[in-house]
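The values are calculated or read from the model by the stated rules, or taken from the named source; none is laboratory data. Predicted, not measured: the structure shown is a model, and the values here were computed from it. Here the Cβ positions follow ideal geometry from the backbone for every residue, glycine too, while neighbour counts run over all protein chains shown.
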Amino acid sequence: MFYFEKLKDKEILKSDLIKKAQAFFTTRDICICDKGSELSVEIKDNKNLLCEHLKIDKSKFIMPEQTHSANINIVSDLQKTYPNCDALILTQKDIGIYLNFADCTPIILYDEVKNIGAIAHAGWRGTVQKIAPLTVQKMVELGSKISDITAIIGPAIGFCCYNVGEDVFEKLSKTVNNFDGLSEIREGQIFVDLKNINKRQLEEIGIKKLDVCEFCTVHNNDKFFSYRNENATTLRHSAVLKLG
């Protein structure tokens, strides 16, 4: 189950499925990404707040250059930049990672037994490329067992609001064995449930411990950023992970 927690006077969103690691989603209260730099001073303060909370050095708070790919990297002390990458896997306890979102689906994966975790960015392109199952596969290659991996799917545009064209619908419908209940036609438009498509992809490879956030970034725009609802805003909320 998801719940809000205060970080000083600001809110973050957590799931009770992950307790050992620091795994959460920021809200509009703690924006740490703005491509336009209109909030540069506030963003710097917010990053300092999160690094203090995570007990890491600012130089070890890592984000990739997201491009809607299915490219996955394992974070290392030896590498500071991660271009063209939409999922990061974390194996070191002294590093924090974050990815940024404003309608796309954020997915945090965590194996408490091996203490390995990951964050994946799944817009429709990433979902079509099955970035979440591919990230799980990489974790398994590092020693995780499917049965030990927990997935939490954070705030994203909801089934209520996400209408797509026929081409996108066709591509998404081929990513799972059973697409029942994941799309609907309303007034001639096709709506899809991006969060639960990702959930079903993970279920179909054997992930059983899953939590899906109910918040829609369009309907809950007071809490989270929405690219669609805010005229292509450059502001983002983030998914954050530090191992326990």
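Among residues of region 211-223 that are free of Cβ contacts under 8 Å to residues at least 12 places away in the same chain, those with a Cβ under 9 angstrom from a residue that is outside any loop (DSSP other than H, G, I, E, B), sequence gap 6+ or separate chain, pair up as 221/28. Residues of region 29-56 that are more than 20 Å from residue 93 (Cβ to Cβ), in contact with a strand residue (DSSP E or B) (Cβ under 7 Å, 6 or more places away or on another chain) and not hydrophobic (A, V, I, L, M, F, W, C): 29, 34. Within region 207-236, the residues that satisfy the criterion of being assigned to a loop (DSSP other than H, G, I, E, B), modelled with pLDDT of 95 or more, under 21 Å from residue 192 (Cα atoms) and not aromatic (Phe, Trp, Tyr) are 213, 214, 217, 218, 219, 220, 221, 226, 228, 229, 230.
Matching residues to (1) out of contact with any helix residue (DSSP H, G or I) (no Cβ under 8 Å at 6 or more places or on another chain); (2) not hydroxyl-bearing (Ser, Thr, Tyr):
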residue	(1), (2)
67	yes, no
70	no, yes
73	yes, yes
84	yes, yes
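Any residue at all in region 103-115 that is crowded, with 22+ Cβ neighbours inside 10 Å and outside any strand (DSSP E or B)? Yes: region 103-115 contains one or more residues that are crowded, with 22+ Cβ neighbours inside 10 Å and outside any strand (DSSP E or B). Restricted to region 1-101, the set of strands (runs of 3 or more DSSP E) holding at least 3 residues that are of a type in the set (A, V, I, L, M, F, W, C) and within 15 Å of the chain's Cα centre (by Cα) comprises 22-26, 87-90, 96-101. Quick check on residue 95: is it in contact with a helix residue (DSSP H, G or I) (Cβ under 7 Å, 6 or more places away or on another chain), of a type outside the set (Phe, Trp, Tyr) and surrounded by fewer than 24 Cβ atoms within 10 Å (Cβ to Cβ)? Criteria met by residue 95.
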